[in-house]
Structures are given as C-alpha cells and as structure tokens.
Amino acid sequence: MIGALLSPCAATPRIRSLGRRLPPGQLPRTPLSPASQKNRRSYAPTAVTAPPSAAAAASRVDASALSMLMKAGKADIEAGFQNFNKISEDHAAKVSLQPKSYGEEQPAWTTSEISDQAGLRTLASQLNPTVGFWDPLGLSTDSTPEFIGFLRHAEIKHGRIAMAGFIGYCVQANGIHFPWAIQNDFIGKGLDTVTFGDIAAAGGPADQWDALSTPAKLQILGVIGFLEMWGETSASIEMDGEKHYCRGGTPGYYPKLQNKFPHPVPLDLWDPFGFTSKMSSERKSAALLAEVNNGRLAMIGLMGLISTSKGLIVPGMDMLPIAPYRGEIMAPFSAVNGDLPMVNAMLNLLDPAIFAK
C-alpha cells in the first residue's frame, strides 16, 4: 500500500476512480484486501510517510541540484564580468579618456582656456601684480581642467552678482524705488494694493526683502532658478556654438535668450545691448580682467554692507548711516511668508523675538 501511494503511476488510477478532488495534503485510501476486511475492527489507520531512505535520497537530489545551479550561476556571473571588461577595454581603446576626471569619465577635450595652476598664476599677475597668486586652500593644486574651469566660472558669476547686489543695496538703502504698485486687485479677488513705496518703508534692503509677499518671493526665486538652469545646460550653450566651461568653454559665458523660445524675448541677460560684441579682442580681454577685479571688490563690499547692518565692526563702513537689520540674513522667508509650509517652524528654531514686527 505504501508503495502504491509513493508511486505516481500506481496512485493515479485510484485517485481518478474516486470521482472527486481530494483536499490538499490528503492521501487517497487504498481498498482493503479480504483478509484485512476480516480484521477491520483491529485496523487503526496511521499517517503514511516515506521511509527514511527515500527522504534521504530526495535530500541528496536537492543538494546535488542546488550545487549544479550554484556552479551554473557562478559561471554566468564570471562570463558577465568578462564581457563587461571586454566592452570597457574596447570603449577605452576607441575613446581617449581624461585622467583624474570627476564623476563619469568623459572624452578628452582641448581648450585654449586656462586649465592648470600655471595658467592661474599668469592670470593672477595680470589681474593684480601686487597681490599675485593667492590660493590659501590649495584648490588649484593638482586640479583637473574641469575643476579649474569651474573655479574661474564661479568667481566670475559671483562677482557679477555681487556688483549688481552692491549697487542694488545702495539704491534701496537710499529709499529709491519704482513709483507704481507691486500688487493690486486687478483680478477682483480682494487683494490689497501694495506699492514699492510701502516695501521701501519697511527699512533697509534686507527688511524690504522680508516685507515681500509670498507670491512675489516665489516669482523671484523661480526666475533665478530658471536662469541658473539655462546657464548651466550644455544644450543651450551649444546652440550658440560654445561649450560648457567644464568642457573647454569660456568661463563666464552665458547663453543667449533671444530667438530660442516660442514667445519673443527682447533682451539677453548678459550684455543686453550688445556692447561687448563691438569690442576688439584686445579691448575685450582688458575688460574681462577689469570685470574680475571689480567683482572681487564688489564681493568684499557687499559682505561689508551686510555685516555692518548686523552690527559688526567693519572699518570704514561702520561709520556710514546703514540701517540695522534685526532679521536673519540666511533665512529666505520671514514671518510674512507664514503661509508656506515649515516657515514658522524654521523661524521659531532661530529666535521668534527677532521676527516680531
């Protein structure tokens, strides 16, 4: 009976003859012989199990199959690594790669721009022979051409922003503003009318920023984000026939905006009136040196104005009538923007008393 249950071929006819499905895990009953029927009262059904020898054989089969699978898997993994190495070697043979690149390896490129520390030393002597080359953090030591391009572009960009910021700070600190409204109820939604004069009356330049409404700040930050994205996208730069500053392009170059969008754009962000396009190469080179020097001075000047407004001692500037600022310089949002998520929680972590107006 046990042999019949263990043998699929012998068990199949009996299972079919039952005419019904058996519950999972239940074995079919085998008809008793005449001799067994006589002793039926003494028959006690017991669980039918495979003999130890059969279980051991099944275990050995499973172990053998698992070993074969592991060997096959190991062979497949080794073959995959070998194929990957071959593809990498073929690619490296076809494309010359730059050594010491940051991030993914890129095809080699050449440029006439400064790409090493020696070039930076030469540039420093042209910018300011008295100060000369100054790199206290050693950022240019053993740096890649990509990183040298990044350093130069970052300095030019920060210098331009600082020059605009320094002039803007002086204009706002003197109460100069546009004569019209920054917000009015032109759509009939009950909005309050807010003029630029109302913003200027808030105090110094930093207080004026804090007084801006949430929609105004989000619009400004959104435009800044778009301009940053446009200036860093290789596609927009290559449309002008230039390259990214980390791929041998000119540091400080900003792609044009005109004739690249469905709607008309009257002016470009950089050089909107085309003054530099009329310069000779020698005049343009001299102007770029002057721009870097003016940008460095503007960065120092703007930080001096901000520090003075916070009550710090800045030689020369602390004698100027600069309005003190009670807010947090590094906080882009103020209590006016409490409708934004997490703004109030952020301000409370700093000092709620500072922002009580």
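Looking only at the range 276-328, count every residue that is assigned to a loop (DSSP other than H, G, I, E, B) and either under 30 Å from Ala211 (Cβ atoms) or touching a residue at least 12 places away in the same chain (Cβ under 8 Å) (or both) and tell me the total.
Step one: list which residues in the range 276-328 are assigned to a loop (DSSP other than H, G, I, E, B), which gives 279-280, 310-328.
Those left that are additionally either under 30 Å from Ala211 (Cβ atoms) or touching a residue at least 12 places away in the same chain (Cβ under 8 Å) (or both): 310-314, 316-328.
Looking only at that region, the number is 18.
Considering Ala235, Ala216, Ala202, which residue is free of Cβ contacts under 8 Å to residues at least 24 places away in the same chain, assigned by TED's automatic domain parsing to the domain that holds Phe333 and part of a helix (DSSP H, G or I)?
Working: Ala216 fails: free of Cβ contacts under 8 Å to residues at least 24 places away in the same chain; Ala202 fails: part of a helix (DSSP H, G or I).
Just a single option satisfies the conditions, and that option is Ala235.
Would you please name the residue that is surrounded by the fewest Cβ atoms within 10 Å (Cβ to Cβ), looking only at residues in the range 198-256 that are charged (D, E, K, R) and within 28 Å of Lys310 (Cα to Cα)? It would help to see each step written out before you state the result.
So the first thing to find is which residues in the range 198-256 are charged (D, E, K, R), and the list is 198, 207, 210, 217, 228, 232, 238, 240, 242-243, 247, 256.
Filter again for within 28 Å of Lys310 (Cα to Cα), leaving 198, 207, 210, 217.
Details: Asp198: 16, Asp207: 21, Asp210: 25, Lys217: 18.
Restricting to residues being charged (D, E, K, R) and within 28 Å of Lys310 (Cα to Cα), the top hit is Asp198.
Within the range 265-274, is there a residue that is in the same structural domain as Ile237 (by TED's automatic domain parsing), part of a helix (DSSP H, G or I) and modelled with pLDDT of 90 or more? Even if it seems obvious, please write down each step before you answer.
Within the range 265-274, the first condition is being in the same structural domain as Ile237 (by TED's automatic domain parsing), and the residues that meet it are 265-274.
If we keep only those that are part of a helix (DSSP H, G or I) as well, we get none.
No: the range 265-274 contains no residue that is in the same structural domain as Ile237 (by TED's automatic domain parsing), part of a helix (DSSP H, G or I) and modelled with pLDDT of 90 or more.
Filter the range 149-197 down to the residues that are among the aromatic types (Phe, Trp, Tyr) and surrounded by 15 or more Cβ atoms within 10 Å (Cβ to Cβ) and list them by number.
Restricting attention to the range 149-197, the residues satisfying the condition of being among the aromatic types (Phe, Trp, Tyr) are 150, 166, 169, 178, 180, 186, 196.
Phe150, Phe166, Tyr169, Phe196 - these are the residues of the range 149-197 that are among the aromatic types (Phe, Trp, Tyr) and surrounded by 15 or more Cβ atoms within 10 Å (Cβ to Cβ).
The values are calculated or read from the model by the stated rules, or taken from the named source; none is laboratory data. Just so it is clear, the model here is predicted, and its values are computed rather than measured. Glycine also receives a Cβ, built like all others from the backbone with ideal geometry; neighbour counts cover every protein chain displayed.
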